[in-house]
Structure formats: structure tokens, C-alpha cells
1. Looking at 188, 140, 145, which is the one that is outside the structural domain of residue 52 (by TED's automatic domain parsing) and touching a residue at least 60 places away in the same chain (Cβ under 8 Å)?
2. Find the residue count for region 127-158, including only residues that are hydroxyl-bearing (Ser, Thr, Tyr) and in a loop (DSSP other than H, G, I, E, B).
3. From the list 45, 38, which residue is surrounded by 13 or more Cβ atoms within 10 Å (Cβ to Cβ), in contact with a Ser or Thr (Cβ under 6 Å, 6 or more places away or on another chain) and not assigned by TED's automatic domain parsing to the domain that holds residue 128?
4. Right, residue 116: in the same structural domain as residue 189 (by TED's automatic domain parsing), hydrophobic (A, V, I, L, M, F, W, C) and either surrounded by 13 or more Cβ atoms within 10 Å (Cβ to Cβ) or touching a Cys at 6+ places or on another chain (Cβ under 7 Å) (or both) or not?
5. Determine which member of the set 43, 26 is aliphatic (A, V, I, L, M) and under 19 Å from residue 107 (Cβ atoms).
6. Tally the residues that are assigned to a strand (DSSP E or B) and more than 13 Å from residue 207 (Cα to Cα), restricting the search to region 159-194.
7. Just wondering, is there one or more residues in region 154-167 that are modelled with pLDDT under 95 and either outside the structural domain of residue 197 (by TED's automatic domain parsing) or charged (D, E, K, R) (or both)?
8. Determine which single condition residue 69 fails, assuming it passes every other condition in (1) modelled with pLDDT of 95 or more; (2) out of contact with any strand residue (DSSP E or B) (no Cβ under 6 Å at 6 or more places or on another chain); (3) surrounded by 17 or more Cβ atoms within 10 Å (Cβ to Cβ); (4) not in a helix (DSSP H, G or I).
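The values are calculated or read from the model by the stated rules, or taken from the named source; none is laboratory data. None of the values given here were measured: they were computed from a predicted structure. Please note: Cβ atoms are built from the backbone with ideal geometry, for glycine as well, and neighbour counts cover all protein chains shown.
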Amino acid sequence: MLEAIAAGRTRLNEIKQVTGLEGATAYLKTLQDLQLVERVVPATERQPYKSRRGLYRLRDHFFRFWFRFVHPHRTLLERGGVQAALDTLVAPQIEAFTGPVFEEVCRQFLWRIGLAGELPFLPLRIGSWWRANEEVDIVAVGQGAALLAECKWTRRPVGTNILQNLERKAGLVSRELGGSRLYYGLCARSGFTPRLEQEAARRGDLLLFDLDRIVAGE
């Protein structure tokens, strides 16, 4: 079950299908009690415990790495194939694996600056949002306002195309935010294109956070 979640099977029906376990719900409850797994719902949900949109994820990213790359390939590793595993199994996937870690770091960063009064509003909850095949990495919800943000752990600067896609998804998220004023945010490992920086300087609803600021936490 832990291996299935680490591999990206985060919905209850996916976990049941992959593991074939009849009592998957009870096992997941036990794993939550042990604080190995957590159930998350979209930040827009007003009654999280009643939500049917919950996803399951491993709480610890070291644990996630173990069950993603080590546990499924024990035979190869035990026979000395460490370098082969790194080259063929880990290296091609490590950027994608690191993406959710960066998202979590960015959420913690937004909590810090939000509580310090450095956001346009006080965040009451910060999470993410998803529906069908659409997802927003971060949604921070406040009183009458919300911040929608994307996190990009890429080697290229983020450009206006990412902002445009975020604004498109905002039309979907806004239906669940009850007329809240929307702000947009972009968190990037490799900074931003000059055109996007000009766009942020021109408008008051777009916040850009580069890696240096996120790491500094201010």
C-alpha cells in the first residue's frame, strides 16, 4: 500500500485496484494513525472530513523516496546494482519526484510570510486544488481573498505561458471560492523571464517568488 501511494496511486479506488486489498480503508486509517500517511482535500473544501475528493500521500519524503525507488528494486540493489539503479531508475524521475517536495516547501514559505503580514491578506488555510485532470499547486484561502500559485522546479525561467494557464484554471477554482478576490503567485527554482517580471511590475495581483527568497523564508 505504501509503495502504491509512493508510485502516485493517491485515490482510494486506485489504491484498492493496485493492492487488491478488501479492507483498504481500514488499513489507510491505521497508517494515518501511525502518521505515515495523510489524507488531503482541496483547500476550497469547507467540510474537509465530509469531502469525497480526498487523496492519500506519504507524510515523509524520505519514506516516499524509499518506497518509490528502493523498496520496489531490492533485488537489483542487493546484487550490487546501485549505480545502475541511480542511472536508469532514479535520475530520469528525480526532477518529477522533487516537484511535490518543492510545492510543500512553498506552502510552508507562504504560511510564514502570510502570518508575517507580507501577503495581501491573512491566510486561513493553505493547500492545493484539483478536480478531474486539473490541478493548482497552491491555494491560500483568506477572508474574501485567495491566492492561486504554481510551483515550478525546472531548469528554465518561468514565462507568461505558465501565468496564462494559471489564470485559465482560476476560472474553475473561483466557482468554489464564493466571489473571493483572486491573487496569483508563481514560485520558481530558476527565476522568471523578463517579460513575466514586467507583467508583475505592471499589475498588483501577481506575486513572484524565486528560490533565494523561498529558501530565506522572507
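1. Just one listed residue meets the conditions, 140.
2. 1
3. Selected residue: 45, the only one of 45, 38 that is surrounded by 13 or more Cβ atoms within 10 Å (Cβ to Cβ), in contact with a Ser or Thr (Cβ under 6 Å, 6 or more places away or on another chain) and not assigned by TED's automatic domain parsing to the domain that holds residue 128.
4. Taking the combined requirement at face value, the residue does not satisfy it.
5. The unique qualifying residue is 43.
6. Counting residues in region 159-194 that are assigned to a strand (DSSP E or B) and more than 13 Å from residue 207 (Cα to Cα) gives 1.
7. The answer is yes; a qualifying residue exists.
8. (4)
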